Each structure stands twice: as C-alpha cells, then as structure tokens.
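For reference, the structure is listed below as structure tokens.
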Amino acid sequence: KRHDFECQVDPSIDKAFFKDDVIELKDWNNILELLAVSYGLAQSTQLSLFETTIDGLIEKCGDVPQAIADHSIMNKSSLSVAKLKKLVAELLEVRVNINIRSDILDKPKIVWDVPDVEPIYMQCIEEVELYKRHELVN
C-alpha cells in the first residue's frame, strides 16, 4: 500500500501526531520529532523494497505449485529441479535479508535515547502498518 502523507503545522497542539495520513507538527523546529518520523518512514520504504522483490518472486514461482501437484517437476518440458532450487534459494535469500540482515523492526537509537519521541515514532510505524506488512512478507 502506498502512502501519501500530508504534513501540517499547528502551534496549538502539544505534541506531533498522525491522523488519517496527515502528520501534525507543533512546529518545524522539533528536529527530534522529525527525525523519529523520518526513521519510521525510512523503515517503511525499506520494507517496500522487499515487498517489491517478493512480488516479483511470486510471479516467477506462479507455476511451481501446479508443477509439483502434477508431478511434472522432473519433466524436461516443465520446471527443472535446477530452476526450482534457484527459486527456493532466491526466496530464502529475501527472507534472510528481511529477518536477519535488515533492521526494519528495530527501534532507532533516537527513540531509546529520547523517550519523548517514541509516541510519534510508534504512530508512524502503525500508520504505515510496518509490523503487519513485515508479518505478511514472511
């Protein structure tokens, strides 16, 4: 799902927040809040790259279940064992990249160091459905 966020400044609010794809800020001077939002959006963007890769792999693997069900996996005119191994390796590589090599679900250091920015960071990753999307790609 693509998100197009609008960013508004409202000096009357106490803290920044997300609501319906709108980022409400008290002002542009709270660099730490902006940084927390930036991290959340960056993590979402990183996950989007993995989602795109997985979508491509799903398309490449579209005929695999039927070939296995038809027991034609060994048939030269169908999917070869070598191709099947390559597809499985690609899928495993993406899963390793998502779960081990990336820091998609890690809270950034700024959130640990400055607890006041955690609410806006958490609202951001909830708004972009980071955890839900991560679960789906697995």
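Numbers at a glance
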{"item": "Restraint check, K19/K60; K60/K107; K60/K109; K85/K107; K60/K132, Cα-Cα greater than 26 Å", "result": "K19/K60; K60/K107; K60/K109; K85/K107"}
{"item": "Whichever aspartates and glutamates have a C-alpha closer than 12 Å to that of K86, once near sequence neighbours (fewer than 8 apart) are set aside", "result": "none"}
{"item": "Mean projected area in nm² (Cα convex hull; one quarter of hull surface) for region 1-46", "result": "3.3"}
{"item": "For I23, residues with placed amide H under 5 Å, excluding near neighbours", "result": "E6, C7, Q8"}
{"item": "The chain: Rg to Rh, with Rh as the Kirkwood radius over Cα pairs", "result": "1.18"}
{"item": "Whole-number accessible area per residue in Å² for the chain, which is evaluated in the context of all protein chains at 1.4 Å", "result": "66"}
{"item": "Of all accessible heavy-atom area on the chain, the percent that carbon and sulfur account for (1.4 Å)", "result": "56"}
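The values are calculated or read from the model by the stated rules, or taken from the named source; none is laboratory data. All figures in this text were calculated on a predicted structure; none of them were measured in a lab. For the accessible areas, the whole protein counts, side chains as well, though only heavy atoms, and no ligand, DNA or RNA atoms are used. Shrake-Rupley method; radii C 1.70, N 1.55, O 1.52, S 1.80 Å.
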